[in-house]
Amino acid sequence: MPALTVVFTSVKKFDGEKQRYLTGGEYIQMSGRAGRRGLDRVGVVIAMVDEAVEHDTLKNLTGGGADVLNSAFHLTYNMILNLLRSEGIEPRHIMERSFAQYQRERSKPELLRQVAGLQAMILAADVPNEAVFKQYTLCTSLIAKYKEARLAVMRQPKYLAPFLVEGRLVKVVRAADGVNFYTGFVRGANMAAHTVEVSVICEKIDPTLGKAFRPCHVTAYTSETADLYTVNFNLADIATATRFRINMPAGGGNTDKARSDLIAKLSHLFKAHKDDVPTLTGTEMGINDGEFDKLAAQIERLEKQLEKNVFYVATTSAAASAASSTAPATSDPEVLSLQADYARFEDKKRMELQLKDIQLQLEEVSKTVFEDELMKMKSVLRRLDFLSKDDLVERKARVACEITTTDENELLLTELLFRGVFNGMETEMVVALLSCLVNVHRTPDNFSLPEEFQGPLQSLQETVTRIAEVSQEAGLITSASTVIAGHENMTREQQKQANDKKNQSDKVLPSLMEVTYKWAKGSKFSELVGLTDAYEGDIVRMMRRLEEMLRQLAGAAKSSHLGNAELHDKFSKGIDLIKRDIVFAGSLYL
């Protein structure tokens with residue numbers, strides 16, 4: 001409500017993940033309450049800043065403007081079914097007129113302008129010898145691709161393991177993050193664990209920072225800043241095995257003198273071969289693999305094509321001349337001209353790649369928002385007999401339209417109704433089972449339920465799994481354990497919440513099932529608190545959401561599409577059983 005003065009005790013807030021500064025929109029919303037209409041000429045806002053704040057941060061906070069408004073529109077099964085049930089209205093009609101569609105198409109004019117500009121620049125770019133450069137880039141890229149595939153074969157344990165013996169020089173690139181540890185000596189290998197111990201040069205470890213190895217190139221080595229360490233690597237970290245193997249010093253090379261000798265050997269190796277130390281060939285490793293031989297033949301064929309390429313011949317000849325003399329590598333006018341042309345070719349290629357990327361963006365923004373998701377969700381509805389093959393709503397769909405739960409459980413609840421899961425179940429057990437779908441209290445470790453709850457719970461989980469499997473087959477979710485109900489269409493924050501869920505128990509949370517059963521049986525609230533570690537507020541919130549779900553199910557059971565008076569009476573009775581006492585009190589201030 002309005003007030004003369006608004007005081008911010010802090011300019012930071014906890015957003016559920018971390019402490020952060022208030023946004024401009026949040027500040028405006030709260031500070032705007034200062035000053036009462038008709039009573040105060042001005043309103044006073046006081047911000048208690050108790051720590052050093054950057055000037056720009058404070059400026060953005062107080063004058064940054066309102067927060068950006070983004071659409072939260074997403075498709076739900078209930079929305080699709082209700083729209084299909086109405087004649088003359090298609091879900092696509094709503095999607096095309098949504099704020100989300102407007103936001104998507106807002107960037108279209110700018111993208112079209114960029115496309116026109118790039119197309120004009122590409123058309124105007126005149127590159128001599130363009131065909132020569134295209135052949136050169138194609139051949140070099142394919143050779144690199146095939147060599148990488150060939151190395152993958154050579155790194156297979158059955159070929160590489162016999163050569164990972166003590167003293168073998170290997171090149172190490174950590175697969176997890178791509179960090180290059182250069183060349184080192186193998187100290188031992190454990191093929192059962194797929195690990196290799198390699199001595200590599202690393203920066204000296206600071207004990208205060210923990211044992212984190214940082215590689216050091218042999219050319220940067222000094223005894224003050226680096227040393228030889230034996231590091232345990234995964235087999236996948238071994239890039240290649242070289243042809244060289246040395247006799248390790250006596251005592252395993254753990255003395256200062258032994259480590260110095262090994263570093264000297266690495267330095268001598270670098271002087272002789274730089275970083276291009278000869279590696280074992282497929283023949284030397286005894287590789288007998290048809291795919292490997294095919295890759296070798298393809299590389300040889302491409303290299304022969306390169307040898308006829310004018311640009312390749314000119315640049316390699318110039319590089320060879322520069323290596324054998326002190327003359328500059330670019331002194332030949334023909335080579336200089338080709339290199340300048342190649343630079344223009346790369347610029348043109350970069351523009352073509354940029355144009356392709358923008359055209360893909362343009363194609364994406366031209367689509368109707370959630371168009372792919374709509375097709376997949378319709379596929380799920382057809383598989384579950386909610387829609388006919390002509391997208392006509394079936395009886396199940398009309399029942400689902402009567403259920404509008406906030407958790408988007410309409411498919412699941414309708415399936416439970418038509419499978420007859422509730423038919424032979426006592427009312428108290430029905431209420432307890434449905435609590436699993438509105439509960440937010442995580443199931444504790446080593447949680448167990450009495451035997452009487454296991455059967456109903458299994459029936460519920462089987463239905464959840466069935467819907468999840470159909471959703472997976474339609475491409476809506478990545479695994480059968482992912483939560484159902486169209487989470488793929490949600491906002492970024494909703495998607496994050498959905499992705500945090502790892503198994504089916506996140507859809508079915510039975511931790512308050514026994515609590516709900518006993519409450520329906522007439523137990524006191526004080527008795528329920530002792531049965532669970534859930535907060536009292538969680539129990540109350542679950543009960544109130546459960547009452548809403550039971551009310552909708554009662555309406556669905558009574559509708560002409562289902563017409564089951566027995567189920568209607570059962571759900572209505574369930575409402576009467578749980579809607580009592582402090583849980584549904586209008587206020588605690590009585």
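The values are calculated or read from the model by the stated rules, or taken from the named source; none is laboratory data. In this text the structure is predicted, and so the values were computed from the model without any measurement. Positions of Cβ are generated from backbone atoms using ideal geometry, with glycine treated the same way; all protein chains shown enter the neighbour counts. In case anyone asks, the SASA skips ligands and DNA or RNA and just uses the protein heavy atoms, side chains included. Shrake-Rupley method; radii C 1.70, N 1.55, O 1.52, S 1.80 Å.
Ignoring lysines fewer than eight residues from Lys579 along the same chain, the ones with Cα atoms less than 24 angstrom from its Cα are Lys518, Lys521, Lys524, Lys558, Lys570. The distance separating the Cα centre of the stretch 72-95 from that of the stretch 448-478 comes to 27 Å. For the listed peptides 49-55, 549-555, a ranking on the average number of other beta carbons within 10 Å per residue, highest first, reads 549-555, 49-55. Packing here is the average count of other Cβ atoms within 10 Å per residue, and on that basis the peptides 440-453, 378-391, highest first, run 378-391, 440-453.
Using only the Cα atoms of the stretch 225-377, build the gyration tensor, take square roots of its eigenvalues as a ≥ b ≥ c, and label the shape rounded, prolate or oblate: rounded if a/c is under 1.5, else prolate if a/b is larger than b/c, else oblate. Intermediate values should be presented prior to the final figure.
Numbers: a/c = 2.10, a/b = 1.37, b/c = 1.53.
Since a/c reaches 1.5 but b/c is at least a/b, the shape of the stretch 225-377 is classed as oblate.
On the stretch 30-113, 52 percent of the accessible area sits on carbon and sulfur atoms, based on a 1.4 Å probe.
Between Phe99, Ala239, Gln339, the Cα set farthest toward the positive side of the dipole of the chain (charges on each charged residue's Cβ, about the Cα centre) is that of Gln339. Peptide packing for 563-570, 463-470 was compared via the average number of neighbouring C-beta atoms within 10 Å per residue; ordered from the highest value, the list is 463-470, 563-570. Show me the helices of the chain, taken as full DSSP H stretches, that run 27 Å or more along their long axis by Cα and average -0.5 or above in Kyte-Doolittle hydropathy. Those that clear 27 Å and a mean of -0.5 are 130-154, 536-558. For the chain, the normalised intensity computed at q = 0.06, 0.08, 0.11 Å⁻¹ comes to -0.63, -1.00, -1.18 (log10 of I(q)/I(0), Debye sum over alpha carbons, equal scatterers, no solvent).
Would you rank Thr76, Thr404, Thr57 by solvent-accessible area, highest first, keeping every protein chain in place and using a 1.4 Å probe?
Working: Thr76 25, Thr404 75, Thr57 45 Å².
Order by accessible area, largest first: Thr404, Thr57, Thr76.
Here Tyr342 sits with roughly 40 square angstrom of accessible surface, probe radius 1.4 Å. The residues of the chain present an accessible area of 56 Å² per residue when probed at 1.4 Å with all protein chains retained. Hey, which lysines would be in cross-link range of Lys378, C-alpha to C-alpha under 17 Å, not counting anything within fewer than 8 residues on its own chain? Cross-link targets: Lys389, Lys396.
Is the shape of the stretch 210-277 rounded, prolate or oblate, going by the alpha carbon gyration tensor and its root eigenvalues a ≥ b ≥ c, with a/c under 1.5 for rounded and a/b larger than b/c for prolate?
rounded
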